[in-house]
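Colleague: Before I ask anything, here is the structure I am working with.
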Amino acid sequence: MAGERRLAHVTEPVVAVADQLPAWVTLVRAPNPGPMTLDGTNTWVLRPAGSAPAVVVDPGPADEPHLRAVAEHGPIGAILVTHGHPDHVEGLPRFQELTGAEVVTEPAVAGLRITRIETPGHTADSVCYLAETGGGRAILTGDTILGRGTTIVAWPDGELGAYLASLERLRAFEGVPVLPGHGPPLTDCAAAAGFYLAHRRARLEQVRAAVDAGARTPEAIAAAVYPDVDQSLRSVAEWSIRAQLAYLDQERRESQPRREPLDSP
């Protein structure tokens, strides 16, 4: 890969950060900051004007003060979950005890329309939600699009081909604000998805080049492709490498000409 321009590890927001939240949206951030969770897991409370029951998206980790802080925004009419990683749902059973609310897929709440969007890739069960009220729209992306940096494809549960297709799907939401699972809200879902797509494809070409240059293990490829990643995230980078290698292997097998069976004599 000598002479190639290295692709920098992205740590900042990929599009403009939203200056303020819509009036019908409240953020309660869990106290679990870290390399994977950024500032902490975002729990979103949606309550349109004039509507009593709120909808909560991703109750978060099993942290009692956090769960109680979210419950204080009750009454809670429904719970949505973007995916099953513990930092998003570990506190779900306790939150249900506190509020009596149930997990639903597309709740019917007066003044609030929510549409579920299948977006596998980060994990097999990842979904996003388009929330619409008389006061506007927003899309809740879980870990599919983050407020800062880029996300991982959590191989083997996550799958790169599915993730690229999900990002293509999210490019339809031009100008719709993003309420992510971690980091600050963003101004434009389509622009963020477009950046993620371009970045993923560029990384994929780097992996392809590293393999062509002789790298044979995820560790060796990660060292070539992610030289600036902090050591604490090295294993995470190798997850992404494995996801990209699986994608390239599938691409190679699909490109091979199919052999017709020989007729028996």
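The values are calculated or read from the model by the stated rules, or taken from the named source; none is laboratory data. Everything numeric in this text was worked out from a predicted model, so none of it was measured. For neighbour counting, all protein chains shown are included, and Cβ atoms are generated from backbone atoms with ideal geometry for every residue, glycine included. SASA here: full protein model, heavy atoms, side chains in, ligands and nucleic acids out. Shrake-Rupley method; radii C 1.70, N 1.55, O 1.52, S 1.80 Å.
Colleague: Scan around G142 for amide H atoms under 5 Å from its own, H built in the peptide plane at 1.01 Å from N, and keep only partners 5 or more places away or cross-chain.
Modeller: Distant-sequence amide H within range of G142: G181.
Colleague: Now a separate question. With each pseudo-label sitting 7 Å past Cα toward Cβ, what's the V10-E174 distance in nm, one decimal?
Modeller: Reported label-point gap for V10 and E174 is 2.0 nm.
Colleague: Turning to a different aspect of this structure: Given the convex hull over the Cα atoms of the chain, what projected area results after averaging over all orientations, in nm²?
Modeller: Working: hull surface 71.9 nm².
The number I arrive at for the chain is 18.0 nm².
Colleague: Quick one: which of 155-168, 220-233 comes out on top by average Cβ neighbours within 10 Å, and what's the full order, highest first? Mind dumping the intermediate values first?
Modeller: Values: 155-168: 19.1, 220-233: 16.1.
Order by mean packing, descending: 155-168, 220-233.
Colleague: Given the rule -39500 (n - 2.57) for each run of at least 4 DSSP H residues, summed and divided by the residues of the chain, what is its mean residue ellipticity at 222 nm, to the nearest 500 deg cm²/dmol?
Modeller: Details: 7 runs with 85 residues, N = 265.
Taking each H run of at least 4 residues, the total per residue is -10000 deg cm²/dmol.
Colleague: State, as an integer percentage, the relative contact order of segment 100-249 based on alpha-carbon contacts under 8 Å between residues 6 or more apart.
Modeller: Values: 251 pairs, mean separation 29.5, N = 150.
Relative contact order of segment 100-249: 20 percent.
Colleague: Please arrange S240, S235 by accessible surface area, largest first, computed with a 1.4 Å probe and ligands excluded. Walk me through the intermediate numbers first.
Modeller: Details: S240 5, S235 65 Å².
The ranking, largest first, comes out as S235, S240.
Colleague: Where does the longest stretch of the chain lie that holds no trypsin sites (Lys or Arg not before Pro) found in a DSSP loop with 13 or fewer other Cβ atoms within 10 Å? Write down the numbers at each step before the final one.
Modeller: Numbers: sites that count: R5, R6, R216, R258, R259.
Longest gap between qualifying sites, sites excluded: 7-215.
Colleague: Take every Cα pair under 8 Å in the chain that's 6+ residues apart, average their separations, divide by the length, and report that relative contact order as a whole percent. Don't skip to the answer; put the middle values down first.
Modeller: Working: 519 pairs, mean separation 45.3, N = 265.
Reported relative contact order: 17 percent.
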